[in-house]
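Have a look at the structure below, then the notes.
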Amino acid sequence: MLPGEVSSVRRSVPTEIVGPLERGLAVLRAVSLQAEGRTIATADLVRATGLARSTVDRVLATLSRCGFIRLNGRDTALAPALTALGNAYLSSSGLPDLLAPYADRLAEMFDESVSVAVPDGDGVRFVSQLARRRTMSPVFRVGDLLPAERCAPGALFAAEWDDTEWSAWQRRLAADPGCAGFPVLRRARPPGDPDAVGAIPDASRLRHRAAAVMAGGHAVDDQLVDAGLVAVAMPVRDVVGVLGPAGRTVAALSVVSHTSRHSARTLADHVVGELREAARQAQDAVAADGGHPVRRVDPAGPSAGPVAAAVSAAVSAAKVELGSGYLQSLARGLAVITAFGPSLRRPTLSELAQATGLPRATVRRALITFRQLGYVRADGNRFCLLPRVLELGYAPLTGLSLGTLVEPHLTRLVGQVHESASVSVLSGDDIRYVARVPTVRIMSVAIAVGTRFPAYATAMGRVLLAGLPDADRAAYLQRVRTEPLTRHTVTDVGRLGRALDEAARDGYALVREELEDGLQSIAVPVRDRAGRVVAAANVSTHAARVCAVTAREVLLPALRAVVAAIEADLYAVTAYSPPVLV
C-alpha cells in the first residue's frame, strides 16, 4: 500500500463511494429480508429500495450473472453461491473454528443447544449454532440478528458500550420500538401466538442487565426472545487485540434450554462453572491464534478454486456480453469481499488487489464503500470484514432444505433430458423423496415429496446403501426382508450385496423394472463436504423407450453434471451450518 492510502480511505468522503456497488448491496439486503425461501417480485424490490426500475433491473442482471441470485421472469430468489460473502467473513474472522471445540464440548456435556454470537452494532449476530433436536429448539440460524435488549449476549456486549454506542441504541429504539427491523423475532413469535410472552421487554432493563454482567461476569435471558427459551451467556474477550481493541468482548458462548427443563436461575446454577471455564479456554485460543487459525474445512468446498478469482475472472467477459446492462463495479466489489478468507484474514489493499486481479484503485474504492456501509473495518494498513456481511442472505440460504436447494437443478436437468428427475434420502430401510420434477407419468403409483419405497428395489436406494459404512451396510443386508415387487426384483441377499458393491465401485446404480414393470432408473450419490453420501439423485425413464446403454451414455453424464452443481451449492450453504435434509 502506498504511503497515505489507508488514511485516504479513512478520510474518504461519500463522493468516493461506488454508486452501483452501494445500490447493488441495497437490492441484496431487500431480497434477503423478504427471501426466507421465497421469491420476490421486481416491483416489490423497487418499492423496498426506492431505486428506479431500470436500476434494479441492471443490478439483478449483474447479480444473476455472478450466480448470486436466480431470476424467474420478474421474480428473484437468492442463490446458494451468495453464501460466499458470509463464508468469507466467517472464515476470515476465525471465530467459528476457534470456538467450535468449546461449543461442542458444552453441548455434549449439558445436552443443550449452544451458540456463538458476536456484536454487530447494537445487535447480536449468530456465527455458530449447535442445536439439540427437541420439541422446543432455538429458532436462530447462523447470520441471524437479534436486538441487544432481547438476548443474553446483548447484555454482555452492552456492558462495554461507551456513550456513543448507548446513544445509537436509544436512537434505534426510538425509530423502531417494535423491533420490526429484526425479522428473526417475527419467526420466533408468529402473530397471534397465544404462548408468546410480553411482546417487547422494557428497554431500560438492558442497562440493569449490563450492570449485572459487570458484577457477575455472565448474562441471563429469561424468555426475552421466545416463550420457554432461557439462556446463559459468557463473554470471550480478545485480550491481545487480534480481532479488535484489546480486552474487548468479541464473542459470547451461550447455553440455551427450555423452561420444561430449567428455569433461567437453575440453568445458570447448572452451567455457569463449566461455561466460564470453556470461555476462558476459548479466550486463550483467540489470544494464541494470532490471526492465523487452522481451518477445519475449506469454505469454498472440495476441489473448488478461489471464489474471488472465479468471480473477478468472469467480470470482463460478462461486461462485453451484456454491455450497459452489466454493472462491472458491482461484480468487482463483491469479488473483493470473497477474497477474504483463512489465508487473507486481515489483508492490505495490495494483497486484495493481487488476490482478485483487480486494479488497486478499484479495490480501494470498493473498500471505501464497504467501510461506509459497515461491512469492513480498517486497522492500520489492514482491513477486516465485519459480521454485517452476514445480512446478505446468509441465514435464509443456510436454512434451505435439501429439496428446495436441488429443485432448480432438477428442473434444468429435466429440461435437458426430457425425463423425470428426483432426489431422495435414506430413511430407515426406505428411500424418501425430498424433491421431484416430473415429465411424463411412467408409474402407476403417484410420487410426491415424502413418498417412500424400499431401498433395495430402487437405484437411488442402492447408491444410498452403497454409501453406508461397511458395518452399517452389512447390518442392513442381515436384517433386510426382500419381496418380489416385480418378476425382475432382486430378492437374493447375496446378489443384492454384490449390486451394492458395484454401485460403490462405479459411482452409480441402474435398476430396470425391479420396483415396477416398465420403470427404469439410473442414480448417483450426492455427497456432503466430508465426502459422505447424504442423498441420491436419479433420472427415471420407461424401460422400453430408453435402453440401458443409452441411460449410461446419455443420461448418466447429464445427471452427474447436475449432481456436481448440487454438491457445489450444498458445500456453500453448509460451510458453517449443518445441512437441512428434510
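The values are calculated or read from the model by the stated rules, or taken from the named source; none is laboratory data. These numbers were taken from a predicted model, which means no experiment stands behind them. For neighbour counting, all protein chains shown are included, and Cβ atoms are generated from backbone atoms with ideal geometry for every residue, glycine included. For accessibility, only protein heavy atoms count, side chains too; no ligands or nucleic acids. Shrake-Rupley method; radii C 1.70, N 1.55, O 1.52, S 1.80 Å.
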For this session: Filter the stretch 467-495 down to residues that are of a type in the set (A, V, I, L, M, F, W, C), within 19 Å of Leu510 (Cβ to Cβ) and open to solvent by 50 Å² or more (accessible area, probe 1.4 Å), then give me how many there are.
Result: 1
Exercise. Identify, please: which residue in the stretch 259-273 is in contact with a Gly (Cβ under 9 Å, 6 or more places away or on another chain) and open to solvent by 40 Å² or more (accessible area, probe 1.4 Å) and is, among those, farthest from Asp221 (Cα to Cα)?
Worked result: Ser260
For this session: Take Ala530 and decide whether it is in a loop (DSSP other than H, G, I, E, B), over 16 Å from Thr458 (Cβ atoms) and of a type in the set (A, V, I, L, M).
Result: yes
Exercise. Name the pairs: first residue in the stretch 564-575 and touching a residue at least 60 places away in the same chain (Cβ under 8 Å), second residue among the polar types (S, T, N, Q), Cβ to Cβ under 6 Å, at least 6 apart or on different chains?
Worked result: Ala572/Thr83; Val573/Thr83; Val573/Thr398; Ala575/Asn87
For this session: Give the residues of the stretch 384-410 that are closer than 16 Å to Leu25 by Cα, part of a helix (DSSP H, G or I) and open to solvent by 10 Å² or more (accessible area, probe 1.4 Å), sorted by residue number.
Result: Pro387, Arg388, Glu391
For this session: Check off (1) under 38 Å from the mean Cα position of the chain (by Cα); (2) within 15 Å of Ile431 (Cα to Cα); (3) assigned to a loop (DSSP other than H, G, I, E, B) for Thr482 and give me the number that stays unchecked.
Result: (1)
For this session: Please find, within the stretch 282-295, the residue that is modelled with the lowest pLDDT out of those that are surrounded by 15 or more Cβ atoms within 10 Å (Cβ to Cβ) and touching a helix residue (DSSP H, G or I) at 6+ places or on another chain (Cβ under 9 Å).
Result: Pro293
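Using the structure shown, decide if Val445 is modelled with pLDDT under 95, open to solvent by 50 Å² or more (accessible area, probe 1.4 Å) and farther than 22 Å from Glu514 by Cβ.
So Val445 does not fit the description; no.
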For this session: Any chance you could count how many residues in the stretch 411-429 are among the hydroxyl-bearing types (Ser, Thr, Tyr) and either open to solvent by 10 Å² or more (accessible area, probe 1.4 Å) or not in a strand (DSSP E or B) (or both)?
Result: 2
Seminar exercise, completed: Being modelled with pLDDT of 95 or more, open to solvent by less than 10 Å² (accessible area, probe 1.4 Å), farther than 20 Å from Leu402 by Cα and more than 20 Å from the chain's Cα centre (by Cα) narrows Val554, Val562, Val511 down to just Val511
Exercise. Is it true that some residue in the stretch 97-110 is more than 16 Å from the chain's Cα centre (by Cα) and not in a helix (DSSP H, G or I)?
Worked result: no
For this session: Would you check if Glu36 is out of contact with any Cys (no Cβ under 8 Å at 6 or more places or on another chain), buried (at least 24 other Cβ atoms within 10 Å of the Cβ) and at pLDDT below 95?
Result: no
For this session: Kindly state which helices (runs of 4 or more DSSP H) lie completely within the stretch 161-251 and contain at least 1 residues that are modelled with pLDDT of 90 or more and buried (at least 19 other Cβ atoms within 10 Å of the Cβ).
Result: 163-175, 205-216
Exercise. Across the stretch 43-76, what is the total count of residues that are more than 26 Å from Asn87 (Cβ to Cβ) and surrounded by fewer than 16 Cβ atoms within 10 Å (Cβ to Cβ)?
Worked result: 8
Exercise. Among the candidates Tyr456, Tyr476, Tyr433, which residue alone is aromatic (Phe, Trp, Tyr) and under 30 Å from Thr83 (Cβ atoms)?
Worked result: Tyr433
Seminar exercise, completed: (1) touching a helix residue (DSSP H, G or I) at 6+ places or on another chain (Cβ under 7 Å); (2) in contact (Cβ under 8 Å) with a residue 60 or more places away in the chain all hold for Val480 apart from (2)
Exercise. Can you name the number of the only condition in (1) in contact with a helix residue (DSSP H, G or I) (Cβ under 6 Å, 6 or more places away or on another chain); (2) under 24 Å from Leu130 (Cα atoms) that Arg74 fails?
Worked result: (2)
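The rows are residues; the columns are (1) at pLDDT 95 or above; (2) in contact with an Asp or Glu (Cβ under 9 Å, 6 or more places away or on another chain).
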site	(1), (2)
Leu60	yes, no
Leu63	yes, no
Leu71	no, no
Asn87	yes, no
Gly94	no, yes
Asp111	no, no
Pro119	yes, yes
Phe126	yes, yes
Leu130	no, yes
